[in-house]
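Throughout, read-outs are computed from the coordinates displayed, never taken from laboratory work. No experiment lies behind these values; they were computed from the predicted model shown. Note that we place each Cβ from the backbone using ideal geometry, even for glycine, and neighbour counts take in every protein chain shown.
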């Protein structure tokens with residue numbers, strides 16, 4: 001019995017395991033926060049409204065859909081990271097002439113992942129979150145923020161986002 005458990009692979013979440021028929025449309029994940037609503041009711045505040053709208057646009061008007069809500073926050077994937085460092089940052093460097101992709105990364109994390117200024121030894125220091133700590137949907141919103149700032153659209157992500 002213990003040997004069976006040891007050899008058993010970690011199972012994916014049941015929603016991501018399903019095999020859908022070709023006519024079924026499935027969105028990529030997007031995130032939100034549960035906030036106070038009217039009285040005892042709560043509301044869902046979408047974290048990335050542009051991404052959410054992009055996902056909704058996959059459906060026809062009047063189409064019946066199923067909504068699944070979970071507190072699970074899948075971490076930014078290694079494929080997303082490979083896309084960011086190997087495709088998108090070099091493209092921005094080529095388009096802008098700034099070929100130091102580490103400097104571009106610092107600019108973008110400082111602008112979009114800043115948690116404020118902290119004084120250390122009397123000197124102001126911008127504190128930023130690591131892009132590695134982002135969820136998949138937060139990382140997508142991060143890429144979209146970079147697109148808006150630079151005006152450089154991210155190339156297709158077919159082989160990088162799962």
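Note on residue 78 and residue 50: with the Förster distance fixed at 22 Å, the Cβ-Cβ geometry gives a FRET efficiency of about 0.35. Let's test the formula: R0 of 45 Å, r as the Cβ-Cβ distance of residue 23 and residue 126. What FRET efficiency results, to the nearest 0.05? Efficiency, rounded to the nearest 0.05: 0.40.
Estimated at 0.36 nm per residue, the fully extended path between residue 99 and residue 145 surpasses their Cα-Cα distance by 14.6 nm. Shape class for the range 35-158: oblate, because the ratio a/c of the largest to smallest gyration tensor axis (alpha-carbon atoms, square roots of eigenvalues) is 1.5 or more and b/c is at least a/b. Extension gain for the segment residue 40 to residue 68, taken as residue separation times 0.36 nm less the Cα-Cα distance, is 7.9 nm to one decimal. Stretching the chain fully between residue 106 and residue 118 yields a gain of 2.6 nm (0.36 nm per residue, less the alpha carbon separation). Could you grab the Rg to Rh ratio for the range 78-150? Cα atoms only, Kirkwood for Rh. Taking Rh as the inverse mean 1/r over Cα pairs, Rg/Rh reads 1.01.
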